[in-house]
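Here's the structure, in C-alpha coordinates; my notes come after.
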Ligand code: DX5
Ligand code: ZN
(Lines give C-alpha, C1' and ligand atoms only; values in the text may rest on other atoms or scores of the structure.)
(Ligands and ions follow the chains in the order given, each with its own letter.)
Protein backbone atom coordinates (compact mmCIF):
# COMPACT_ATOMS: atom_id res chain seq x y z
CA UNK A 1 0.00 0.00 0.00
CA UNK A 2 1.33 3.39 -1.05
CA UNK A 3 0.95 6.72 0.70
CA UNK A 4 -0.98 9.43 -1.13
CA UNK A 5 -0.38 13.16 -0.82
CA UNK A 6 -2.97 15.04 -2.92
CA UNK A 7 -1.73 18.42 -4.10
CA UNK A 8 -3.96 21.32 -3.06
CA UNK A 9 -2.61 23.35 -5.98
CA UNK A 10 -5.44 21.81 -8.01
CA UNK A 11 -8.09 22.39 -5.33
CA UNK A 12 -10.77 25.07 -5.71
CA UNK A 13 -9.18 27.99 -3.82
CA UNK A 14 -12.61 29.58 -3.44
CA UNK A 15 -13.77 26.47 -1.59
CA UNK A 16 -10.57 25.40 0.09
CA UNK A 17 -12.23 24.36 3.34
CA UNK A 18 -14.67 22.11 1.46
CA UNK A 19 -11.83 20.47 -0.48
CA UNK A 20 -9.74 19.97 2.68
CA UNK A 21 -12.73 18.33 4.36
CA UNK A 22 -13.07 15.99 1.40
CA UNK A 23 -9.40 15.04 1.88
CA UNK A 24 -9.95 14.59 5.63
CA UNK A 25 -12.68 12.07 4.84
CA UNK A 26 -10.59 10.31 2.18
CA UNK A 27 -7.88 7.69 2.66
CA UNK A 28 -5.06 10.10 1.78
CA UNK A 29 -2.08 10.20 4.13
CA UNK A 30 -0.72 13.73 3.78
CA UNK A 31 -1.84 17.01 2.22
CA UNK A 32 0.67 18.29 -0.31
CA UNK A 33 1.07 22.07 -0.14
CA UNK A 34 2.97 23.80 -2.97
CA UNK A 35 4.62 27.10 -2.07
CA UNK A 36 6.03 29.03 -5.07
CA UNK A 37 7.86 32.35 -5.04
CA UNK A 38 7.85 33.44 -8.69
CA UNK A 39 11.65 33.32 -8.68
CA UNK A 40 12.77 29.74 -8.22
CA UNK A 41 9.77 28.80 -10.37
CA UNK A 42 7.90 31.11 -12.76
CA UNK A 43 4.64 30.83 -10.86
CA UNK A 44 3.48 32.31 -7.53
CA UNK A 45 1.06 30.22 -5.46
CA UNK A 46 0.67 31.24 -1.80
CA UNK A 47 2.64 31.68 1.40
CA UNK A 48 2.44 31.19 5.16
CA UNK A 49 -0.97 32.86 5.79
CA UNK A 50 -2.74 30.41 3.50
CA UNK A 51 -0.78 27.46 4.94
CA UNK A 52 -2.01 28.55 8.37
CA UNK A 53 -5.63 28.43 7.15
CA UNK A 54 -5.08 25.02 5.56
CA UNK A 55 -3.69 23.80 8.89
CA UNK A 56 -6.80 24.99 10.74
CA UNK A 57 -8.99 22.58 8.77
CA UNK A 58 -6.61 19.73 7.94
CA UNK A 59 -6.69 16.54 9.99
CA UNK A 60 -3.63 15.06 8.30
CA UNK A 61 0.03 16.10 8.20
CA UNK A 62 0.95 18.99 5.90
CA UNK A 63 3.61 18.00 3.38
CA UNK A 64 4.93 21.43 2.41
CA UNK A 65 6.92 21.57 -0.84
CA UNK A 66 8.93 24.79 -0.91
CA UNK A 67 9.64 25.97 -4.45
CA UNK A 68 11.41 29.09 -3.21
CA UNK A 69 14.95 30.47 -3.42
CA UNK A 70 17.11 30.14 -0.31
CA UNK A 71 14.49 28.17 1.66
CA UNK A 72 16.55 28.23 4.85
CA UNK A 73 15.20 31.76 5.45
CA UNK A 74 11.68 30.44 6.06
CA UNK A 75 12.07 27.24 8.11
CA UNK A 76 10.63 28.68 11.32
CA UNK A 77 7.85 30.55 9.50
CA UNK A 78 6.53 27.38 7.92
CA UNK A 79 6.84 25.51 11.20
CA UNK A 80 4.74 28.25 12.79
CA UNK A 81 2.26 28.05 9.91
CA UNK A 82 1.79 24.33 10.62
CA UNK A 83 4.07 22.36 8.29
CA UNK A 84 4.77 18.78 9.44
CA UNK A 85 7.06 17.76 6.58
CA UNK A 86 9.16 20.45 4.92
CA UNK A 87 10.93 19.75 1.62
CA UNK A 88 13.47 22.08 0.02
CA UNK A 89 14.80 22.05 -3.53
CA UNK A 90 18.42 20.97 -3.89
CA UNK A 91 18.83 23.61 -6.62
CA UNK A 92 17.48 26.48 -4.48
CA UNK A 93 19.70 25.93 -1.43
CA UNK A 94 23.44 26.33 -0.76
CA UNK A 95 23.77 24.77 2.68
CA UNK A 96 21.73 21.60 2.58
CA UNK A 97 23.20 20.05 5.70
CA UNK A 98 22.55 23.18 7.74
CA UNK A 99 18.98 23.69 6.51
CA UNK A 100 18.00 20.02 6.89
CA UNK A 101 19.23 20.10 10.49
CA UNK A 102 17.32 23.35 11.06
CA UNK A 103 14.13 21.68 9.83
CA UNK A 104 14.65 18.74 12.22
CA UNK A 105 15.53 21.06 15.08
CA UNK A 106 12.27 22.93 14.46
CA UNK A 107 10.43 19.63 14.97
CA UNK A 108 9.52 18.74 11.37
CA UNK A 109 10.40 15.91 9.04
CA UNK A 110 12.74 17.07 6.29
CA UNK A 111 13.38 16.28 2.68
CA UNK A 112 15.23 17.31 -0.45
CA UNK A 113 13.54 17.75 -3.83
CA UNK A 114 15.30 17.15 -7.15
CA UNK A 115 14.29 18.77 -10.42
CA UNK A 116 14.00 16.44 -13.42
CA UNK A 117 17.51 17.46 -14.58
CA UNK A 118 19.24 16.94 -11.22
CA UNK A 119 20.80 13.47 -10.80
CA UNK A 120 20.19 11.40 -7.69
CA UNK A 121 23.96 11.11 -7.03
CA UNK A 122 23.78 14.70 -5.68
CA UNK A 123 22.19 13.18 -2.59
CA UNK A 124 25.05 10.83 -1.68
CA UNK A 125 26.16 12.88 1.30
CA UNK A 126 22.76 14.04 2.56
CA UNK A 127 20.43 11.11 2.01
CA UNK A 128 21.06 9.89 5.58
CA UNK A 129 19.57 13.13 6.89
CA UNK A 130 16.42 12.96 4.77
CA UNK A 131 13.08 11.58 5.92
CA UNK A 132 11.83 12.04 2.35
CA UNK A 133 13.36 12.50 -1.09
CA UNK A 134 10.96 14.09 -3.54
CA UNK A 135 11.63 13.53 -7.24
CA UNK A 136 9.97 15.99 -9.60
CA UNK A 137 8.52 14.17 -12.59
CA UNK A 138 7.66 17.50 -14.27
CA UNK A 139 9.47 20.84 -14.22
CA UNK A 140 8.17 22.49 -11.06
CA UNK A 141 5.78 25.43 -11.20
CA UNK A 142 2.47 24.19 -12.57
CA UNK A 143 -0.09 21.44 -12.17
CA UNK A 144 -1.39 19.37 -15.06
CA UNK A 145 1.88 18.81 -16.93
CA UNK A 146 3.04 15.72 -18.77
CA UNK A 147 4.98 13.09 -16.81
CA UNK A 148 8.68 12.84 -17.70
CA UNK A 149 9.41 9.17 -18.42
CA UNK A 150 13.02 9.23 -17.19
CA UNK A 151 11.61 9.46 -13.65
CA UNK A 152 11.01 5.71 -13.60
CA UNK A 153 14.75 5.01 -14.00
CA UNK A 154 15.52 7.73 -11.49
CA UNK A 155 13.29 6.10 -8.88
CA UNK A 156 15.17 2.82 -9.34
CA UNK A 157 18.54 4.60 -8.99
CA UNK A 158 17.34 6.43 -5.90
CA UNK A 159 16.09 3.20 -4.32
CA UNK A 160 19.59 1.72 -4.74
CA UNK A 161 21.25 4.85 -3.33
CA UNK A 162 18.95 4.86 -0.29
CA UNK A 163 19.58 1.16 0.38
CA UNK A 164 23.35 1.49 -0.13
CA UNK A 165 23.50 4.28 2.46
CA UNK A 166 21.19 2.60 4.95
CA UNK A 167 18.88 5.62 4.76
CA UNK A 168 15.24 5.42 5.87
CA UNK A 169 14.11 8.10 3.41
CA UNK A 170 10.77 7.65 1.71
CA UNK A 171 10.68 8.16 -2.06
CA UNK A 172 8.02 10.64 -3.12
CA UNK A 173 7.19 11.57 -6.73
CA UNK A 174 5.40 14.73 -7.86
CA UNK A 175 4.02 15.66 -11.27
CA UNK A 176 1.84 13.93 -13.83
CA UNK A 177 0.92 11.12 -11.43
CA UNK A 178 -2.25 9.51 -12.78
CA UNK A 179 -3.87 6.26 -13.84
CA UNK A 180 -1.17 5.12 -16.25
CA UNK A 181 1.96 6.46 -14.52
CA UNK A 182 1.12 5.62 -10.88
CA UNK A 183 1.30 1.79 -11.18
CA UNK A 184 4.66 1.99 -12.95
CA UNK A 185 6.02 4.32 -10.27
CA UNK A 186 4.88 1.96 -7.56
CA UNK A 187 6.56 -0.93 -9.32
CA UNK A 188 9.78 1.10 -9.54
CA UNK A 189 9.77 1.56 -5.75
CA UNK A 190 7.93 4.79 -4.90
CA UNK A 191 6.52 5.17 -1.36
CA UNK A 192 4.51 8.40 -1.64
CA UNK A 193 2.54 9.57 -4.68
CA UNK A 194 1.67 13.27 -5.02
CA UNK A 195 -1.28 13.87 -7.31
CA UNK A 196 -3.01 17.16 -8.11
CA UNK A 197 -5.11 17.48 -11.24
CA UNK A 198 -5.81 13.74 -11.54
CA UNK A 199 -7.41 13.69 -8.08
CA UNK A 200 -9.21 17.03 -8.19
CA UNK A 201 -10.50 16.72 -11.76
CA UNK A 202 -11.90 13.28 -11.04
CA UNK A 203 -15.69 13.16 -10.64
CA UNK A 204 -15.08 11.02 -7.53
CA UNK A 205 -11.83 12.26 -5.89
CA UNK A 206 -12.20 10.07 -2.79
CA UNK A 207 -12.55 6.97 -4.94
CA UNK A 208 -9.56 8.04 -7.04
CA UNK A 209 -7.47 8.42 -3.86
CA UNK A 210 -8.63 4.98 -2.74
CA UNK A 211 -7.58 3.46 -6.07
CA UNK A 212 -4.15 5.12 -6.02
CA UNK A 213 -3.59 3.99 -2.46
CA UNK A 214 -4.47 0.39 -3.27
CA UNK A 215 -1.86 0.06 -6.05
C1 LIG B 1 4.19 21.29 -9.47
C2 LIG B 1 3.76 20.93 -8.09
C3 LIG B 1 2.88 19.75 -8.02
C4 LIG B 1 1.59 19.86 -8.78
C5 LIG B 1 1.36 18.51 -9.37
O6 LIG B 1 5.27 22.15 -9.44
O7 LIG B 1 4.88 20.67 -7.27
O8 LIG B 1 2.66 19.33 -6.69
O9 LIG B 1 0.49 20.25 -8.02
O10 LIG B 1 0.26 18.58 -10.20
P11 LIG B 1 -0.18 17.38 -11.14
O12 LIG B 1 -0.44 16.18 -10.27
O13 LIG B 1 -1.42 17.92 -11.79
O14 LIG B 1 0.93 17.15 -12.12
ZN1 ZN C 1 4.59 19.74 -5.29
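The values are calculated or read from the model by the stated rules, or taken from the named source; none is laboratory data. For clarity, every value in this text was computed on a predicted model and none was experimentally measured. Don't worry about glycine lacking a Cβ; one is built from the backbone with ideal geometry, like all the others, and counts go over all protein chains shown.
With the structure loaded, tell me whether residue 73 is more than 14 Å from ligand 1 (Cβ to nearest atom), within 17 Å of the chain's Cα centre (by Cα), farther than 29 Å from residue 211 by Cβ and in a helix (DSSP H, G or I) or whether it fails that test. Working first, answer last.
Details: more than 14 Å from ligand 1 (Cβ to nearest atom): yes; within 17 Å of the chain's Cα centre (by Cα): no; farther than 29 Å from residue 211 by Cβ: yes; in a helix (DSSP H, G or I): yes.
So residue 73 does not fit the description; no.
Any idea which of 45, 10, 5 is crowded, with 23+ Cβ neighbours inside 10 Å, closer than 24 Å to residue 91 by Cβ, within 16 Å of the chain's Cα centre (by Cα) and at pLDDT 95 or above?
Working: 45 fails: crowded, with 23+ Cβ neighbours inside 10 Å; 10 fails: crowded, with 23+ Cβ neighbours inside 10 Å.
None of the other options fit; the residue is 5.
Taking residue 153 as the residue in question, decide whether it is in contact with a strand residue (DSSP E or B) (Cβ under 9 Å, 6 or more places away or on another chain) and on the phi < 0 side of the Ramachandran plot. Working first, answer last.
Numbers: in contact with a strand residue (DSSP E or B) (Cβ under 9 Å, 6 or more places away or on another chain): no; on the phi < 0 side of the Ramachandran plot: yes.
Against the criterion (in contact with a strand residue (DSSP E or B) (Cβ under 9 Å, 6 or more places away or on another chain) and on the phi < 0 side of the Ramachandran plot), residue 153 does not qualify.
Consider only pairs whose beta carbons are under 9 Å apart and that are at least six residues apart or on different chains; among these, list those whose first residue lies in segment 179-205 and is more than 23 Å from residue 22 (Cβ to Cβ) and without any contact (Cβ under 8 Å) to a residue 24 or more places away in the chain and whose second residue is within 11 Å of ligand 1 (Cβ to nearest atom) and not in a loop (DSSP other than H, G, I, E, B).
Note: no pairs meet the criteria.
Let's see how each residue does on (1) over 26 Å from residue 4 (Cβ atoms); (2) surrounded by fewer than 21 Cβ atoms within 10 Å (Cβ to Cβ):
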| site | (1), (2) |
| --- | --- |
| 33 | no, no |
| 41 | no, no |
| 55 | no, yes |
| 63 | no, no |
| 67 | no, no |
| 70 | yes, yes |
| 82 | no, yes |
| 105 | yes, yes |
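Determine which member of the set 135, 122 is within 16 Å of ligand 1 (Cβ to nearest atom) and either in contact (Cβ under 8 Å) with a residue 24 or more places away in the chain or within 15 Å of the chain's Cα centre (by Cα) (or both).
135
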